[in-house]
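Trainee: This is the structure I want to talk about, given as structure tokens.
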Amino acid sequence: MDNLIAVVAVILYALAIATIIPGLVHQTGIRVKTVFVSASLALIFHAWLLSGLIIEASGQNLSILNVASLISFIISLVMSIAMLKTRLWFLLPVVYSFAAINLGAAAFLPSTFITHLEQDPKLLIHISLALFSYSTLTIGALYALQLAWLDHKLKTKKAQAINPNLPPLLMVERQLFNIILVGTLLLTGTLLTGFVFVQDMFAQGKAHKGILSFIAWIIYAVLLWGHYQKGWRGRKVTWFAVAGATLLTLAYFGSRFVREIILN
């Protein structure tokens, strides 16, 4: 049953992508309703699949593939809602592609990492903050890449303004820093709850998570300071945003990928 749900969700994500790309390539109108309906149905099936994969009789299965699929779901959900107000067409094919890949991997390559969050609500708070901070800052990295691409188009004198599907550069920049600010606040909460609630946060095999997350926090703090105090823009912003997201990815998934996927 899970495999069938995954196939349906992947097809719906693919339909949304197939509706967007021709409009980007040919600079024509994109059927917003078709994309939104396809994406909404894909998200419903995605959530259905995740509920079956994560919630088990023995506890919660937070395997690396399930967590990756959950993060993809959160990002896709946020971006799909934002689609109604902002021209995110350049980003959505990337977001939906990762969502389809991750949910397919979770369904067809099952792995197990059972936890009991109902017995430890403090840990649930910490994990929830970690998921939302990582998802938010990953969206920020995507926005930074879009900002760099739009800036490149302008500097090479390619008239991006004639494509009605691309957002204005200044609007993307404003949204980028709002997203990074929210993500950094969530990351701050993640680190604080980790120090307070997770007793073995710096135990052997776990220390790298806290260290890399803290370094990422410093990177985002410096980026926000540089933008609001020094007026940083352009390529520097992109490098900082992508570097922070990369460090968080290594922190959250690095050792678990080796342990659960490579060595399993």
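Trainee: What do you reckon, is THR115 open to solvent by 10 Å² or more (accessible area, probe 1.4 Å) and either within 28 Å of ALA18 (Cα to Cα) or modelled with pLDDT under 85 (or both)?
Mentor: No.
Trainee: Just to be sure before I move on: is ILE211 more than 26 Å from TYR96 (Cβ to Cβ), surrounded by fewer than 21 Cβ atoms within 10 Å (Cβ to Cβ), modelled with pLDDT of 95 or more and not hydroxyl-bearing (Ser, Thr, Tyr) in the structure I sent?
Mentor: Taking the combined requirement at face value, the residue does not satisfy it.
Trainee: Going by what's in this entry, would HIS126 be described as part of a helix (DSSP H, G or I) and open to solvent by less than 10 Å² (accessible area, probe 1.4 Å)?
Mentor: no
Trainee: If you don't mind, there's one more thing I want to ask. Looking at (1) over 18 Å from the mean Cα position of the chain (by Cα); (2) modelled with pLDDT of 95 or more; (3) under 24 Å from LEU88 (Cα atoms), which is the only condition THR184 fails?
Mentor: With (1) over 18 Å from the mean Cα position of the chain (by Cα); (2) modelled with pLDDT of 95 or more; (3) under 24 Å from LEU88 (Cα atoms) applied to THR184, the lone miss is (1).
Trainee: Now, a different point. Go through the stretch 220-244 and count every residue that is among the hydrophobic types (A, V, I, L, M, F, W, C), open to solvent by less than 30 Å² (accessible area, probe 1.4 Å) and either at pLDDT 95 or above or not in a helix (DSSP H, G or I) (or both).
Mentor: Matching residues across the stretch 220-244 total 3.
Trainee: Continuing with this model, one more query. Would you please list the contacts, defined by Cβ atoms under 9 Å and residues six or more apart or on different chains, that run from a residue in the stretch 126-153 that is of a type in the set (A, V, I, L, M) to a residue that is at pLDDT 90 or above and outside any helix (DSSP H, G or I)?
Mentor: ILE127/LEU62; ILE139/LEU91; LEU142/LEU91; LEU145/LEU91
Trainee: Quick one: what pairs do we get from the stretch 94-110, first residue under 17 Å from VAL67 (Cβ atoms), second surrounded by fewer than 19 Cβ atoms within 10 Å (Cβ to Cβ), C-beta under 7 Å, 6+ apart or different chains?
Mentor: That search, which allows pairs on different chains as well, returns ALA100/ALA14; ALA107/ASP2; ALA107/ASN3; PHE108/ASN3.
The values are calculated or read from the model by the stated rules, or taken from the named source; none is laboratory data. Fair warning: this is a prediction, and the values are worked out from it, not measured in the lab. Backbone-built Cβ (ideal geometry, glycine too); neighbour counts: all protein chains shown. Keep in mind that these areas ignore ligands, DNA and RNA; they rest on the heavy atoms of the full protein, side chains included. Shrake-Rupley method; radii C 1.70, N 1.55, O 1.52, S 1.80 Å.
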